[in-house]
Structures are given as C-alpha cells and as structure tokens.
Amino acid sequence: MSGQYLVLLFLFGGVFSVEVQRPRGVPLSKRPLYEEDKPFTCLDGSRTIPFDRVNDDYCDCQDGSDEPGTAACPHGSFHCTNAGFRPTFIPSSRVNDGICDCCDATDEYNSGADCQNTCRDLWRKEKESMEKLAEIAKEGFLLKQQLIQEANRGLEEKKSKLTDVQNSKKDLEEKVEALRMVKETAEQPEKEAKDRHLKAWEEQKAVIRMEKDKARMAEVFLELDGDGDGFVSVAELLSHSELDQNSDGSFTEAEAQELLGGVDKLDTAGFESIWSKIKEKYMSGSNTDAPAPVEPPQEEVKEPASDNDSEPYPDDDNPEEEEEEEDEEDDDEMDDGDYKSPPPTETHEKKDDDEDGTMPPYDEETQKLIDAAQKARDEFDEAEKSLREVDDNIRNLEKEISFDFGPSVEFAYLYSQCYELTTGEYVYRLCPFNRVSQKPKYGGSETNLGSWGKWAGPEDNIYSVMKYEHGTGCWQGPNRSTTVKLTCGTETVVTSTSEPSRCEYLMEFTSPAVCQEPPPMSQEPPPMTSDHGHDEL
Amino acid sequence: MVHVLVLWLAVCLSGTWAVDKGNFKTCDQSSFCKRQRALKPGESPYRVLLETMELTNTRLTLQLINDNNKVRLLLELYRLQGNITRVKINELKPLKPRYEVPDVLVREPPTEPLSVLSQDENGVVLSLGAESQRVIVSARPFRLDIMEGHNVLMSLNSRGLLAFEHLRMRKDTFSYKVTSTVASVWDNIKRVFSSQAEPEAEKKDEADPANQAETAKEEEEKVEEGMWEETFKSHSDSKPNGPSAVSLDFSLPGVEHVYGIPEHAEPLKLKTTESGDPYRLYNLDVFQYELYNPMALYGAVPVMLAHNTKRTTGIFWLNAAETWVDISSNTAGKTVFGKMLDYVQGSSETPQTDVRWISESGIIDVFLMLGPTPKDVFSQYASLTGTQSFPPLSSLGYHQCRWNYNDQEDVRSVDAGFDEHDIPYDFIWLDIEHTDGKRYFTWDPHKFATPKDMLQGLMDKKRKMVAIVDPHIKIDNNYKIHNEIRSRGFYVKNKDGGDYEGWCWPGSAGYPDFTRADMRAWWASMFAYDQYEGSMENLYTWNDMNEPSVFNGPEVTMHKDAVHGSWEHRDVHNLYGLYVQMATADGLIQRSGGVERPFVLTRAFFAGSQRYGAVWTGDNAAEWDHLKISIPMCLSLGLVGISFCGADVGGFFKSPSPELLVRWYQTGAYQPFFRAHAHLDTPRREPWLFGPENLALIRDVVRQRYTFLPYWYQLFYNAYRTGEPVMRPLWVEYPQDPATFAVDDEFLIGRDLLVHPVTDEGSRGVTAYLPGKDEFWYDIHTFHKHNGAQNLYIPVTMSSIPVFQRGGSIIPRKLRVRRSSSCMEHDPYTLFVALNPQRTAEGELYIDDGHTFNYEKKEFIHRRFSFANNVLSSVNIAPDAKFTTKSWVERIIVLGASKPSKITLRTAGE
C-alpha cells in the first residue's frame, strides 16, 4: 500500500446496491433529480457531470449534491431513511466515520463500525416517552384551565376590590381634607395665643437680663475701683490682663487707656459707656463663684465647658426636625427612621429655661386652644394614615392586576408563593415574580441569586423562561443571576438547580401553567414505511 | 485635573489586575544575585595553574586558583560530538559534594578527541576536532576563547566575572572553630607528607605569604548579609550551606541578537538588562503575570541562542537552581543613525553581546553549541537533552477546557454542543473541581459518579478527555495516595527532617519527592487502570502547579531549605516540574504496557521537558497584549526544544470580547497546542455562545486546523527526529536576512506556512513580511501569489487569517473535516503543490497509526513528493518501514501552474 499513493480509489463503482435504487443518501423527494443514465446537474446548477460521478467519493459540486451518500463533500448532507422512525439529514462528514448516527445504520456502510438498526426501538421509546409526556401535558393542561379560571376569578375579585378601595379612597380623601380644614382652623388661634405668650415672656426676659447686666456692671465697677475713689483708672484696669485688646499677651497702659476711651479714669456713667467693650472678657478678680455667662450668646460661652454633654445633638437635629415636619406625610411606609431622635423641641425650650428661668405656664385660655388644636392634629394624622394605607393597597392591587402572568393569567397562582429545593449543600428558594435565593443547609447567611427581571424565553415561547437579575455580587465577577426554565408538569416544583457558569444559576421548574394542549396522538410512526415500499426496485 | 484623574485610574487598574510584584524577588532581594551582580568586570581573581593540566584523549582538566582566597577550582573541558564544547567548573575539593543536574541529559554526551596545539606560560591552545576550531586557554587571568579561523566565536570569563562561592564552614558557630582548628592541624600534617603531590602549588602559595595573609583578612570581611540566612517577606531561608553561587560571563562578538531562556512574557529578541533586573529563571506560580518584563514564570530552560548573518550558536547552562541572566550589548544604546554612521565610517567597534549567568548553587556545567546553522544548534541541543516527544495525532486537534466542567451532564452537553454546531474537537478537559475534594486520582462522588460512563460516551464519539493531576497531595489519613506516600517516606522533607507541608488547593498538602526514581516509579504505577479508579484509555493527564506552587511558601513556592534526600530544594528547584511530568508520562505509557503514546500537559518545565509532552504559557488573561505575547513566548520555547506549546485561547483570567475570542481562535489554530481555557469566575465561552456570526468564524478556523493535521503531524515527527521547532521564528529559515531577526508578530509553521495572525482590536489590515528573495508565497485562502522579500499590506475582515504557503512546497491536507481527528483517520489526502519561480516543489507525507509507539518499530509511511518538469512524483524515503493505510490521495491542487492540456497517472512498476 505504501507505494500506491497516486492511485485514486473508486470505492463505489457498482455499489448502488440492489436494495436501494436511488443513489445512497438521497431523500425520496429528491429522487427525480438523480436520474441514472443522464448527466447529473449539481442541484445548485453550477455544473453538470456524468452520472457515474455521482457518489463516486469525489466532490464535484460546490453544494455537495453529487455526493449525497459519501463523505467527500465538505458541506454535503446525507439522508437517513430511518424506516420505522423519523427520517433525518446528517452532515456528510458523519458518513462512515465509525460512529452510528442514523438509527437504520445506513451512514456506516463502509467503516467497519458495528451499527444496529435501532429505529424501531427508538420509536418505541420515543412513543413511550411521548405518551408519558402527553399524559402529563393532558393532566397539566386540565390543571392549567383550573388555574386560569381561578386566576381570572382572583383577578375579578381583585379588580372589584380595587374599585371598592378606590371608592373608599375618595371618601377618605374628603375626610382628610375636612380634617385638615378643622386642624388649620384650630391651629390659627393656637399659634396666635402661643405667640402672644411667648412674646410676653421674651419681653419679660429682656427686662430681667438688662437688670442683671446693670447689676453686674455695678459689681464690676466696684471690683475694679480698688481704691474706692469712684473712678476706674488705667492702673486699676491693668490688673486685669484678660482685657488685653490685641491679645498679644501683654496688656499695656496705652491699651488700657484706649479702652477707657482715651482718658485716665472713668466714673460710673463713663464706665457704662465702655461696659460693652469689656464685659465679655472681664473676669472677676476673686473669680471664685462668678457664673460668668451673662449674655444670650450662650453657646459660645458655654462651649469650652461642654465637651461631653449632649449639646451638639439638638444643634444638628434642629434643621432636620423642621424638614421632618414638612415631609412627614411621605415617609411613613418605609420603616420610620430610628436614626431620627425624638422631636427635640422641648429640650430646646428647657434649655432656655435653664438660662433665664422658666417660662411661665400657658394661661388657661391658651392651653384650651392648644388642646383643641392637638386633637384636630391627631384626628387629621389618623385619617391621613388611613389614606396612605389605602394608597398602598391600591398600588399593590394595581401592580398585581397589571403583572404579566402570561397570556391567560395562568402564572398568577405563583405570585407571592415560594418553592424550595434542597441539594447536598444548599436550600434553594424560588419565589416567582419576586426573588431567588440560596441558603447553606447547615447555617450561614442567605445569598440573593437575583430579583424578578423579566420573561426571557425565545420569541415564540417567551413564557418558558424567567430571568432573575441583580443578585449579590460575585468576587471579580458579575452580580448573581438566575435563569428559571419552566416545563410542563402536574406539580409546581423546582426540579433542579445548577450553576453552569460562575454566579449564573439555572433552575428547572415544572408547572401546569406551561402545559400546552396535547395534539391528538398518532398511533403509528410518523414517517412509516413509505420510503421502503416504493423505491426498492 | 484630567491628567490627575487618568493617572489615578491607571494606578487603580494596575493595582487590580497586574501581578503583585512585591510577592516576587528582585535581584536585589535575592542575596546571591545582589552579591554577584555587584562584582566589577576586569578584576578576575582566577588564574590557571597550567602545570596542573591533564589531557586524556577526550578530556582536558586544569586547576584554577582564586588569588584572593586560594580556593582551587577544577576546570574540565570536553569536545563533544556534533560541534559542542563542554566546560565544567567545580571546586577541586568541595567541603561536600555540589549538585550536578541528573536526568536532563539523555546520555553521557559522546566525546571527540582533543589535542594540544601549543602551550606556553601564558596559556594553552587546543584543537577542537576537524573544523579548524581552537580553544585558547589564557592563564592570567583565566579566560577561554573559542576560535574558528581568525574569528572569535565566543569568549568565557572575558569580562572576568567568573565567581565560584566555595563551600565553607560558618565562622560564628562553635563547630566551625573546632573544625577549623582540627582542619588546620590536619592541613599541616598533610603538608608534611604530601608536599610532593603538589609541588608547584605549594611553592606558589608559600612564595606569596603576604598575599595569603591579605586573603585571610579579606575573607573575614566578606561575610555579608544574606550569606548564611536570608529572609524575604515573612519567610526565612536557613541556608545551612552558606553561600554557594556560581557565575560566569560569555562574550559573543559580532552578535546583536540573542534569544531563548524561556519562560518570560517578553518579545522574541532578548533585551539588554543593564537598566533593570536580569532575566530570572526560577519556576514560579505567578498570579496574573505582567507582560514585557524579565520576571520569572512557570518554567525555565537555561538555553540561549545567539545569531547573526554568519552563524548561530547556543549556550546551555545546565543548572537547576535559581538563575539570573544579564545581557548587555555595545550597540544596544545606539540609534539606527548611529549604527549607520559606524557602518559608513567603518567604525572599529564590532557589535558584541555580553551575557552573564548567575546561579545560586550547583556547579558550572555549560555546553557551547557552536552551530554554525540554526538547525545545527537544534540538533546539537537535541543530542544533549533529547527531542520533542512524538504526540498522539489527536492531541494536535482542538482541546476544549474550562475550570470547570461541572459534572458529567455538563460534559455530555458540551460534547453534544460541538456536534450540534458541527465543530470538531478531540479532547475535553476537567480541572481540579472534578476530584473528590482536590484529592487527585479521585472523582467527585456526586458530580462525577460514573466516570467510566462519561469516558465511554466520549470514546463512542472517538473523543478523549484530560483530567488534572497536580503534585500537591492532600494530607488526609483517609486518602490512599497520601497514606502510601507518607508510609513510603516519599514526601519532600522540611529542614528539620519532617514531611514538608504547604498550602495549596486541597488545604494542607504534602509534596512528593519527584527527584527520587523510586518515588517516580511508584507515581507512574498509580496511573494503572486498576489503581486510578474510573480511568480508561481515553483519559489523559494534565500536571498543573508543579513549579511547585505552595500558596504559603516564599514566592508562592517551596522553601529553598526543604530537603530532597541529600540535596536542598535550592539545588533542584527548576527540575521539580520536569520530574512530575516525566513520572506522569511514564505512568501513561506503562498503563498500556508500553504500547500507547502518552499525552501530558505541564505548566512547569526545564531543559529536557520536551521529552514528556506539551506545555502551555500558564494563567494568561483575556487581553489583546496577552494574545500578542503568545507568539514570542511559544517561539522562544520552540527554539529551546519545546515545540508543543500553546496559550490558553481566549485568555484564562477575565472575559474576552467576542472579537478577541475569535482572533484568539484564529491565532491558536495555527499554534502547536490549541486549547481554549477559562477561569472559574468567568462567564461560559463555548464557541456557540457568541451569536451565529462568531460561531461561524470559530467553526471555520477550527476546521482549518483539522485540514492541516497531516502537516502538523509530519512536523511533529520531524521535531521528534531532529529537534527542529514546529513553530519557528522567520530567522531560522532566513538566517541571512536581518529583516527577520526581530520579527515576532508572525511565524512559520515548519518551513512552508507563514502565519501573521491579526492581534489588534478593530484591525483593518496587517503588514506581513514575506521573506525570501526569489520566493513566492501563496495565500492559502485565495491562492493569490505574492513575491518574497517584501512587506505586504493585507486588508483584513473578521474572517481573515493571513496564512501563506511557500512556493516550492507541497503540503498534504485532509479536507474532509469530521467530528474528531480519529474520525478522519482513513480519509484521503489533498496535496497542495505550490510552485516556486523554478516551477518546482517538494514536500513530505508521514502516516502511522497515530497513537502507538509502533513507529519505533518502523510501522509508518514516509514519502517525499517532488514536482519538477511538470511531473509530480512520490518517493519512499523510509524503504525499511512498513505500514498500511486506507487513506489515499484524492486531489492534487497545483498553485502557480497554468491549466494543463492533459494529465497522466502512473503508478510504480508501470
């Protein structure tokens, strides 16, 4: 053999066997195109060759049509008759490759491969499984009808509930408006009365403060006037270095004089004119019990002392609190901020009290107005809360009603349900239209494998695949996501889960909702023996 | 502001993706490298003691003395058959033996006679065989020059950087003091009795007492940090033997281009290293390696080739310890204009490249392969370390890999996917997750419960599987492999004598001592079908992590003071991976009773690894630059004997764009080892997941690969016979054309196919250099003819893979592409006859059974086709071989001929 290279072997001269008269690998439908004794024209019309070059194991036609029964053409195909089963085409490259592809074994006629005709077996098995599937489909389809009915009923119920709720909402809205009016009406006199009260208290406070200031001025004057001559002199002032005007650490005579307004000494009246310049800095000489702070800007004065009390908080919260009052209506359904401190208004007032004495209680009249307003407020809040609840209700109903539960709402029953599958390591949980998660069987935290995304089946069967997206992120990878494949079954079960690619999960899920009406079963093999009968001449 | 932002981004990105360089040593952090590199040229303390010369027929020995410390070295010089000179330098009387690398040379290299031509007090001149070559040994300082005629081919120690750290006792310990006292007493006694033995030496020593005293003093001072102990990050190296480095410099006059010393993510032409670190050879598991720097990677082959238009030579530095290679050149700094000026003005300075090798331990054992042609060097190197193993034909097909195919069902569905999409493939691979808890030789009981069913399913399709077997063994008393290795004492030991333990995939793991022949024999026996449960004859093996990778070790590898019998890991490090693959390949051979060829892929390698299978370039990334670098990385490996090379198609880390993936398939299909692989954390990337257009492009190129399998197979047969690389740099075939010397964006497969892959994103064209004055190159797709010696611009589309067949060649192909290579076994050939300007062509065809060793029993067909005078003839070039094939030649396509009026067919005998 090693010497025979340039010999072209023609394996198939006369091999067109007795059994099959049409050329090997040609489907019956194309039989007329292969007429013996006539030149053969490639099916793409590109070329015409003598008929003995059909199936001669050498490729002449671009489209491979001259070698339907051999592996010679790269793009050709071989027809398996598969009597007893279903005819099919295989790529020419699978002819005589030693692997049995056609169930009738016709593709391996020269490879030495030991292929058995398995068509009848296959047909039996297929029929069995088709029957089983049909059985399931039939049963599932019935269940589906029920589901659809139930879903439609549920849908109707929900719709009517929605209408009810929407109506009750209108009433509620009116009530809220009415109560708002009441509230506002009650709040107006309340505010005025409170303002009056507050103003009176402020005025009173101002008087008290002024008197205190005067008293202190006198006290200071006496302290400063060391020699008791009724004048505060430059020399007397110098003992109080804290009055250093330019804070350079040295309190000079010139500075002291400047402080005294250019003169050497001042009497009480004169002192009053410069009091404002020194009162903030001045420290009592004996300085033992002097509760220095005098003036309203207490924050500044207090600061050095208040290193660890709760001073900063009210400051921080105040603006927020104001906002809160405005926004309160909106931010309720979310769990209300534990990050917010309770309204600190009262604390604030109390602080005022500390400094300047206690504000006197409201007079009876005012208190009545306040009580009335508070009641109106409470009633209003209550009504408003109910309205929000109704809104939620409406939103949820609308969401559910508008959800895409399939063409016949057949998937509606899955809504707000969850289905679990336990594997070796994990418990998988599918909550359709909501999320997919995974939890280690033996403790550990749950991982979100994706939240409801969309129906993602192929165009002609979009409701066969669900996609859940944006789950917990993966290290160096994407966010986890899950594809749920739905197949027809009488039960609603997660049958398997896998992770074909890192962090991309695949779930198999059976449900009657995907069952199609089974076509009437044929009892005979679809192709039957037509190929057999005719053409074996 | 914009600048700042960009900079920050860049820093940020590189921080995320690049290698963590801090995990790996620079020369400065490797004490011996730092010490050696600090030596100044031109101050060699070594002198030849000419009077010690001994010359037997084939062996010359001489003693060298270090005038600084009086330590003597023994130089051995051999002339080896095939124009190779071997120079060995060891301590004359080492304190204890120094490691000499075993198992790399295929045999003790046969020698040729040497003779002394002349000798005087300055040196000796030796004749090297018949080729008018001489070796000049200069005495003071020691220097070797190898001459041919009036030309110096190579000089050793010409810069005086020979350094040999002799073994010594540690001075700051008690034992040293005692021993040194005893030793000096003993020395004195010896002197009295043996003064006749070394009269000359004694005289010299005594004649120079001052020198001696000075030396002693100097030695005291020379105890440097890192000599007796060294730390890197949190790891300390106890270095019980102290300093032991060896170093030697080589000058290559007339040479501007040096190649080789893989593995580095570097261009083909090696760069000078003065401005940075030397090239490092130290097998390391480098996480997300960085391109274009001389850092060490997974494998090491200490072989460098030097080339100019007149000659190719090679240096093989046989040392398995950590090694650094410095390269400098006197023309490196010159601009093109400067070089031209030199040329015009006839500058006196000839270009020269200087190379310096530094190894941490062992001896100097260097083979100077003197060419003169590239193919001579390949054959010289092959005569020393052997050739590429002849792989099973199927392993040249396409390999589908991923970390990991999850379970048997996954394997089945991927396999079916290839049939459904009509893409051929031969091997599907399983990474570490297939095992039962990273216990190699086992299967995950849930995911791979019935491996034989799975393997049978593949076998029914004439396909095969590779499963990973790594050399780290889980420490687990319920694991058979571990128990056996431990009870047999086969584990590598730590410095304190216990079993060395490191951290790797399975957690705590032991490392079998593959340097032991008995361990390797045992390991090989584990591949027997009755030992490796679930294995079948279509299951092959992949050795990963065999640097060895030790997650918690210094530089992610084994501690250098770990112990392999009487040697330290320091001595054998770069050899470990070779041994792993050797033992595994032996196992696969033995399981079939020596009948079947093995296929084993390795990540770590050394000189000689070509004998055991394939290598790949490790954990690359899905980036365009990684695609580009795959070419020079495999070319460099091919030059040093390792032909069966490939890079992970698609890139291991990260996720390729469809364009990059397609381009990578197109490149990989024309590289020797063709395997797609991907990291666990990347999205799936089987070819059909990128839309019909990309699927069609990938299918088309995989099918192209299969049409060329007869050519690939024949080239591997040639590589097995001759050591010539399969994938070659252009300069190997066009050694006199300087335009080819630095080309590494295109390459040759054999002599006859030139490939210029598209490796740029959004490319609209490439410029390929077609070499060879008076040559034609035919586009293999369009059959367009192009002239050689030109830069050809080729517009490209996504389907373009610029590949050219050389005019004058005949390439056998099989155009009936089927599911796998085995399915194509009996298919006919098509001969592509490409005519040169003389209207002639030649080619070969090699056929055997594709998988057994029967070719060694002459069961094959090897024919030569020649086309001349319009006659194509076929000659049997292996008349003593016999083989029968069912294949035939179905078609002959002649490129560059006009339509004949008549064709006649004649068979032998007529």
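The values are calculated or read from the model by the stated rules, or taken from the named source; none is laboratory data. Here the structure is a predicted model, which is why all the values come from computation and not from measurement. Every residue, glycine among them, receives a Cβ derived from its backbone with ideal geometry; neighbour counts consider all protein chains shown.
Taking the conditions exactly as written (among the acidic types (Asp, Glu), more than 13 Å from chain B (Cβ to nearest Cβ) and either surrounded by fewer than 17 Cβ atoms within 10 Å (Cβ to Cβ) or under 19 Å from residue B:819 (Cβ atoms) (or both)), does residue A:114 satisfy them or not?
Values: among the acidic types (Asp, Glu): yes; more than 13 Å from chain B (Cβ to nearest Cβ): no; either surrounded by fewer than 17 Cβ atoms within 10 Å (Cβ to Cβ) or under 19 Å from residue B:819 (Cβ atoms) (or both): yes.
So residue A:114 does not fit the description; no.
When you check residue A:81 against the structure, is it more than 13 Å from chain B (Cβ to nearest Cβ) and out of contact with any helix residue (DSSP H, G or I) (no Cβ under 8 Å at 6 or more places or on another chain), yes or no? Give the derivation first.
On the way: more than 13 Å from chain B (Cβ to nearest Cβ): yes; out of contact with any helix residue (DSSP H, G or I) (no Cβ under 8 Å at 6 or more places or on another chain): no.
So residue A:81 does not fit the description; no.
Which members of region B:412-442 meet the condition of being within 14 Å of chain A (Cβ to nearest Cβ) and over 25 Å from residue B:697 (Cβ atoms)? Write out each step before concluding.
Filtering region B:412-442 for residues within 14 Å of chain A (Cβ to nearest Cβ) gives B:412-426, B:431, B:433, B:436-437.
Selection gives B:412, B:431, B:433, B:436, B:437.
Across region B:816-832, what is the total count of residues that are surrounded by fewer than 22 Cβ atoms within 10 Å (Cβ to Cβ) and within 18 Å of residue B:896 (Cβ to Cβ)?
Residues meeting the conditions: 1.
Could you pull out the residue among A:424, A:473 that is surrounded by fewer than 14 Cβ atoms within 10 Å (Cβ to Cβ), touching a strand residue (DSSP E or B) at 6+ places or on another chain (Cβ under 8 Å) and within 14 Å of another protein chain (Cβ to nearest Cβ)? Don't jump to the end; show me each part of the working.
Working: A:424 fails: touching a strand residue (DSSP E or B) at 6+ places or on another chain (Cβ under 8 Å).
Among A:424, A:473, only A:473 is surrounded by fewer than 14 Cβ atoms within 10 Å (Cβ to Cβ), touching a strand residue (DSSP E or B) at 6+ places or on another chain (Cβ under 8 Å) and within 14 Å of another protein chain (Cβ to nearest Cβ).
Would you check if residue A:357 is closer than 30 Å to residue A:206 by Cα, at pLDDT below 90 and over 27 Å from the mean Cα position of the chain (by Cα)? Give the derivation first.
On the way: closer than 30 Å to residue A:206 by Cα: yes; at pLDDT below 90: yes; over 27 Å from the mean Cα position of the chain (by Cα): yes.
It is true that residue A:357 is closer than 30 Å to residue A:206 by Cα, at pLDDT below 90 and over 27 Å from the mean Cα position of the chain (by Cα).
Free of Cβ contacts under 8 Å to residues at least 60 places away in the same chain, more than 16 Å from residue A:30 (Cβ to Cβ) and of a type outside the set (Phe, Trp, Tyr): is that true of residue A:53 in this structure? Give the derivation first.
Details: free of Cβ contacts under 8 Å to residues at least 60 places away in the same chain: yes; more than 16 Å from residue A:30 (Cβ to Cβ): yes; of a type outside the set (Phe, Trp, Tyr): yes.
Yes: the conditions hold for residue A:53.
Output the residues belonging to region B:126-149 that are assigned to a loop (DSSP other than H, G, I, E, B) and closer than 19 Å to residue B:55 by Cα.
Pass one, region B:126-149, residues assigned to a loop (DSSP other than H, G, I, E, B): B:129-132, B:139-142, B:149.
Correct list: B:129, B:130, B:139, B:142.
Which residues, counting only those in region A:85-106, are more than 54 Å from the chain's Cα centre (by Cα), buried (at least 20 other Cβ atoms within 10 Å of the Cβ) and more than 12 Å from chain B (Cβ to nearest Cβ)?
Across region A:85-106, the qualifying residues are A:104, A:106.
Can you spot a residue in region B:442-452 that is closer than 30 Å to residue B:707 by Cα and surrounded by fewer than 23 Cβ atoms within 10 Å (Cβ to Cβ)?
Keep residues of region B:442-452 that are closer than 30 Å to residue B:707 by Cα, which gives none.
Within region B:442-452, none of the residues are closer than 30 Å to residue B:707 by Cα and surrounded by fewer than 23 Cβ atoms within 10 Å (Cβ to Cβ).
Return yes when residue B:672 is in contact with a Pro (Cβ under 8 Å, 6 or more places away or on another chain), in contact (Cβ under 8 Å) with a residue 24 or more places away in the chain and not acidic (Asp, Glu) and no when it is not.
Details: in contact with a Pro (Cβ under 8 Å, 6 or more places away or on another chain): no; in contact (Cβ under 8 Å) with a residue 24 or more places away in the chain: yes; not acidic (Asp, Glu): yes.
For residue B:672, the condition - in contact with a Pro (Cβ under 8 Å, 6 or more places away or on another chain), in contact (Cβ under 8 Å) with a residue 24 or more places away in the chain and not acidic (Asp, Glu) - is not met.
If I ask for residues that are among the acidic types (Asp, Glu) and within 25 Å of the chain's Cα centre (by Cα), which ones from region A:472-521 would you list?
Residues of region A:472-521 among the acidic types (Asp, Glu): A:491, A:499, A:504, A:508, A:517.
Listed by number, the residues that qualify are A:499, A:504, A:508.
From the list A:445, A:498, A:464, exactly one residue is within 14 Å of another protein chain (Cβ to nearest Cβ) and surrounded by fewer than 19 Cβ atoms within 10 Å (Cβ to Cβ). Which is it? Quick ask: steps written out before the conclusion?
Details: A:445 fails: within 14 Å of another protein chain (Cβ to nearest Cβ); A:464 fails: within 14 Å of another protein chain (Cβ to nearest Cβ).
On inspection, the qualifying residue turns out to be A:498.
Looking only at helices (runs of 4 or more DSSP H) that fall completely inside region B:375-491, which ones have 1 or more residues that are at pLDDT 95 or above and within 30 Å of residue B:655 (Cα to Cα)? Lay out the reasoning, then the answer.
Working: elements: B:408-420, B:451-460, B:480-487.
Of the helices (runs of 4 or more DSSP H) lying wholly inside region B:375-491, those with at least 1 residues that are at pLDDT 95 or above and within 30 Å of residue B:655 (Cα to Cα) span B:408-420, B:451-460.
What is the residue count in region B:796-815 for residues that are among the charged types (D, E, K, R) and crowded, with 24+ Cβ neighbours inside 10 Å? Break it down stepwise before answering.
Residues of region B:796-815 that are among the charged types (D, E, K, R), as a first pass: B:806, B:813-814.
Subset that is crowded, with 24+ Cβ neighbours inside 10 Å: B:806.
Residues in region B:796-815 being among the charged types (D, E, K, R) and crowded, with 24+ Cβ neighbours inside 10 Å: 1 in total.
Being assigned to a strand (DSSP E or B), crowded, with 18+ Cβ neighbours inside 10 Å and either touching a Pro at 6+ places or on another chain (Cβ under 7 Å) or in the same structural domain as residue B:570 (by the TED database) (or both), is that true of even one residue in region B:47-62?
No, region B:47-62 contains no residue that is assigned to a strand (DSSP E or B), crowded, with 18+ Cβ neighbours inside 10 Å and either touching a Pro at 6+ places or on another chain (Cβ under 7 Å) or in the same structural domain as residue B:570 (by the TED database) (or both).
In region B:766-789, how many residues are surrounded by 15 or more Cβ atoms within 10 Å (Cβ to Cβ) and in contact with a strand residue (DSSP E or B) (Cβ under 7 Å, 6 or more places away or on another chain)? Talk me through it step by step, then tell me what you get.
Restricting attention to region B:766-789, the residues satisfying the condition of being surrounded by 15 or more Cβ atoms within 10 Å (Cβ to Cβ) are B:766, B:768-772, B:775-780, B:785-788.
Now restrict to residues that are in contact with a strand residue (DSSP E or B) (Cβ under 7 Å, 6 or more places away or on another chain): B:766, B:768-770, B:775-780, B:785-788.
Number satisfying all stated conditions: 14.
Checking the condition modelled with pLDDT under 95, in a loop (DSSP other than H, G, I, E, B), away from every other protein chain (no Cβ under 12 Å) and closer than 29 Å to residue B:781 by Cβ, which residue from B:900, B:837 passes? Can you show your working first?
On the way: B:837 fails: modelled with pLDDT under 95.
After applying the criteria, what remains is B:900.
If a residue has to be in contact (Cβ under 8 Å) with a residue 40 or more places away in the chain, within 11 Å of chain A (Cβ to nearest Cβ) and under 18 Å from residue B:810 (Cα atoms) to count, how many in region B:863-897 make the cut?
8
Answer yes or no as to whether residue B:681 is closer than 16 Å to residue B:801 by Cβ and within 14 Å of chain A (Cβ to nearest Cβ). Steps first, answer last, please.
Numbers: closer than 16 Å to residue B:801 by Cβ: no; within 14 Å of chain A (Cβ to nearest Cβ): yes.
Criteria not met by residue B:681.
Quick one: residue B:514 ticks every box in (1) under 25 Å from residue B:363 (Cα atoms); (2) assigned to a strand (DSSP E or B) bar one, so which box is it?
(2)
I need the full set of residues from region A:445-461 which are farther than 18 Å from residue A:510 by Cβ and aliphatic (A, V, I, L, M), in order please.
Of region A:445-461, the ones farther than 18 Å from residue A:510 by Cβ are A:445-454, A:458-460.
If the condition is that a residue be farther than 18 Å from residue A:510 by Cβ and aliphatic (A, V, I, L, M), then A:449 is the only one that fits.
Could you say whether any residue in region B:756-773 is of a type in the set (D, E, K, R) and within 25 Å of the chain's Cα centre (by Cα)? Talk me through it step by step, then tell me what you get.
Step one: filter region B:756-773 for residues of a type in the set (D, E, K, R), giving B:760-761, B:764, B:773.
In the following step, the residues that additionally are within 25 Å of the chain's Cα centre (by Cα) were identified as none.
Taking every residue of region B:756-773 in turn, none turns out to be of a type in the set (D, E, K, R) and within 25 Å of the chain's Cα centre (by Cα).
What's the total number of residues in region B:694-714 that are away from chain A (no Cβ under 13 Å) and without any contact (Cβ under 8 Å) to a residue 60 or more places away in the chain?
Here the count works out to 1.
Condition check: hydroxyl-bearing (Ser, Thr, Tyr), touching a His at 6+ places or on another chain (Cβ under 6 Å), within 14 Å of chain A (Cβ to nearest Cβ) and within 27 Å of residue B:747 (Cβ to Cβ). Does residue B:829 satisfy that?
Details: hydroxyl-bearing (Ser, Thr, Tyr): yes; touching a His at 6+ places or on another chain (Cβ under 6 Å): no; within 14 Å of chain A (Cβ to nearest Cβ): yes; within 27 Å of residue B:747 (Cβ to Cβ): yes.
So residue B:829 does not fit the description; no.
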